[in-house]
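The values are calculated or read from the model by the stated rules, or taken from the named source; none is laboratory data. Because the structure is a prediction, the values reported are computed rather than measured. As a convention, Cβ positions derive from the backbone with ideal geometry for all residues, glycine included, and neighbour counts pool all protein chains shown.
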Amino acid sequence: MGSRRSSLTFGALAVWLLALALVRPLSVDESQYVAATALAAKGLLPYRDFAYLQVPLQPLVFAPLGWLFPDHLLIAMRVVNALLSLATIVFVYGAARGIGARQGSALVSAAMLASCQSFIWSAGIARNDMLPAALMAFGLWYFVAGSARTRFVAGVLFGLAAGTKISYAVPSATIFVAGLWTRNPAEWRRALAFAAGVAVGLVPAMIVAAMAPRAFLAEAIVFPGTAPTQYYTSIGKAWRLGPARFLQLLECAAIGPALIAAIEIGRRSWKERWWDDPVRRALLAAVAGGLISAILNKPFQIFYLLPALPPLFVLAPLLFSGKRPRWLSGAWALFAVVGLVPALAWFVRAGSGGAPALDADRRSAALAAALRDEEVQGSIGTLAGQYVASVDPRFAAGPFLYRTRGFLSSSEAREWKIVTQDQIDGLSESPPSAIVTGVHADSQPELEAKLGQQAQALGYRPTANVAGFTIWTRRP
């Protein structure tokens, strides 16, 4: 009976998460991840061949989608991320069972992930959030087994997660520190085994970074650390960089059961000295590491809370044993319902205006047909990489690098194959086959207009308009 209940629950969650992938509003963030995956599918590498503003594993892992679904890559990546979010829930359930939680409690707790705002936001978008979350949750499943061998495997998975999204390096570090916070030599050995695994898991990312170390440092380290501050200051939203981001973090946690879970776990762990148990101490450290990672990011964004959620909901079932006040159970249910409200709004909008992912797929198909009619062959300069199958590698980072000023010198832009609004010499020396501008979800009209002006200055002329996009070509 319990196994059947679990299967039905996971099946219902799969339907929910896959539906989210269709109705979740489009995001400009998807431009760089879809473009990077398409370029990796052609054998190109981050940093060496195109700009990538994260650590490198996501496009390499997702590259087969570019081979299988070259004309539907946005939807394919969204679907895979939805499946990865389901895997995250399953692994959290398995880890909770591994620390002794009852089956029903573990199932309820894991399912509650799907009502947390940060989780829902990330589950249906073509970004690099769910792959590291699934790797972390898988690592927690191995971690709770307790032996040095399983801790090593857990470390490898955490290292791979950190090689996909650097935020996951912080929970890895806090888990290691928690493992050393003891006088037990056996625990020290297990902590060192975990650290060794993390080092091994980081090797693939380090190899890719070592192929173009200066570009890696500028794109994946310096840019995320400096560019958001410059951008939000320039658009008059510097307030988001200060203490207000802590309130935004609390708001994000309160939309869903994450906040009430953190409060109750904090209270119970203090009262019952959970940190005396090495596994619980490590899980608490992982939650703390995820929160530290979220706090360090300026400004705070919804997806930054995600690394704290898997270990939080591995621990949460321990709260459900024994008699509980009815009001507390009601509060948990209320938070869970509140967490579903934003997603339900997506379904309402999709019911009246169509599913955003399907609409994007139709626009991509129309744009591809128009490019064929214009006899465009080769790479295309665009800030909308989520709609264009053959993005020029110099535009791989979408609008995020293009909108910068003074970030790169002319020689760096040429060497690293990057175009910014103040460094376009590379385009005149080796022009793309066409340039595409237009209005799409979360697009920045001033940047699209700037790119159109530069296309005109380079001798391109608007030759077609389709699905809200303008195709710029130039004839010999």
>> Looking for something more than 20 Å from the chain's Cα centre (by Cα) and touching a residue at least 40 places away in the same chain (Cβ under 8 Å) - is there at least one such residue anywhere in region 113-127?
In response: no
> When the residues of region 418-476 are filtered to those that are of a type in the set (Lys, Arg) and either in a helix (DSSP H, G or I) or in contact with a helix residue (DSSP H, G or I) (Cβ under 9 Å, 6 or more places away or on another chain) (or both), which remaining residue is farthest from Pro356 (Cα to Cα)?
Replying inline: Arg474
> What is the residue count in region 343-357 for residues that are surrounded by 13 or more Cβ atoms within 10 Å (Cβ to Cβ) and either of a type in the set (Phe, Trp, Tyr) or assigned to a helix (DSSP H, G or I) (or both)?
Replying inline: 7
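Yes/no per residue for (1) touching a helix residue (DSSP H, G or I) at 6+ places or on another chain (Cβ under 7 Å); (2) surrounded by 20 or more Cβ atoms within 10 Å (Cβ to Cβ):
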| site | (1), (2) |
| --- | --- |
| Ala137 | yes, yes |
| Ala162 | yes, yes |
| Ala173 | yes, no |
| Leu192 | no, no |
| Ala205 | yes, yes |
| Pro224 | no, no |
> So which residues in region 223-240 are in a loop (DSSP other than H, G, I, E, B) and not hydrophobic (A, V, I, L, M, F, W, C)?
Replying inline: Gly236, Lys237
> Are any of the residues in region 2-10 over 29 Å from Val144 (Cα atoms), over 15 Å from the mean Cα position of the chain (by Cα), surrounded by fewer than 24 Cβ atoms within 10 Å (Cβ to Cβ) and free of Cβ contacts under 8 Å to residues at least 24 places away in the same chain?
Replying inline: no
>> Let me confirm something: among Thr420, Thr470, which residue is over 29 Å from Leu68 (Cβ atoms), touching a Lys or Arg at 6+ places or on another chain (Cβ under 9 Å), free of Cβ contacts under 8 Å to residues at least 60 places away in the same chain and among the β-branched types (Val, Ile, Thr)?
In response: Thr420
> Which is modelled with pLDDT under 95 and either not small (Gly, Ala, Ser) or not assigned by TED's automatic domain parsing to the domain that holds Ser293 (or both), of Pro59, Pro70, Pro64?
Replying inline: Pro70
>> Within region 134-222, considering only helices (runs of 4 or more DSSP H) that don't extend past its boundaries, which have at least 1 residues that are at pLDDT below 95 and not aromatic (Phe, Trp, Tyr)?
In response: 148-164, 169-180, 185-210
>> Looking at Val55 and the list (1) among the aliphatic types (A, V, I, L, M); (2) under 15 Å from the mean Cα position of the chain (by Cα); (3) surrounded by fewer than 20 Cβ atoms within 10 Å (Cβ to Cβ), which single condition is not satisfied?
In response: (3)
> Looking at Ala350, Ala316, which one is under 21 Å from Pro132 (Cβ atoms) and aliphatic (A, V, I, L, M)?
Replying inline: Ala316
> For region 71-107, which residues satisfy the criterion of being among the small types (Gly, Ala, Ser) and either under 15 Å from Met136 (Cβ atoms) or assigned to a helix (DSSP H, G or I) (or both)?
Replying inline: Ala76, Ala82, Ser85, Ala87, Gly94, Ala95, Ala96, Gly98, Gly104, Ser105, Ala106
> What about Lys450, is it basic (Lys, Arg) and under 22 Å from Ala41 (Cα atoms)?
Replying inline: no
> Within the set of pairs 6 or more residues apart or between chains, which connect a residue that is within 24 Å of Cys252 (Cβ to Cβ) inside region 323-338 to a residue that is charged (D, E, K, R) with Cβ atoms less than 8 Å apart?
Replying inline: Leu328/Glu264
>> Quick test for you: out of Leu340, Leu309, pick the one residue that is surrounded by 12 or more Cβ atoms within 10 Å (Cβ to Cβ) and either closer than 30 Å to Ser172 by Cβ or modelled with pLDDT under 95 (or both).
In response: Leu309
>> Just checking, does region 211-225 include any residue being touching a Leu at 6+ places or on another chain (Cβ under 9 Å) and either among the acidic types (Asp, Glu) or not assigned by TED's automatic domain parsing to the domain that holds Leu334 (or both)?
In response: yes
> Being part of a loop (DSSP other than H, G, I, E, B) and in contact with a strand residue (DSSP E or B) (Cβ under 7 Å, 6 or more places away or on another chain), is that true of even one residue in region 313-329?
Replying inline: no
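Residue-by-condition table, conditions (1) charged (D, E, K, R); (2) surrounded by 21 or more Cβ atoms within 10 Å (Cβ to Cβ); (3) assigned to a loop (DSSP other than H, G, I, E, B); (4) modelled with pLDDT under 95:
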residue	(1), (2), (3), (4)
Glu375	yes, no, yes, yes
Ala384	no, yes, yes, yes
Val388	no, yes, yes, yes
Ala413	no, yes, no, yes
>> Any residue that is in contact (Cβ under 8 Å) with a residue 40 or more places away in the chain, over 30 Å from Arg363 (Cα atoms) and among the hydroxyl-bearing types (Ser, Thr, Tyr) - is there at least one of those in region 78-88?
In response: yes
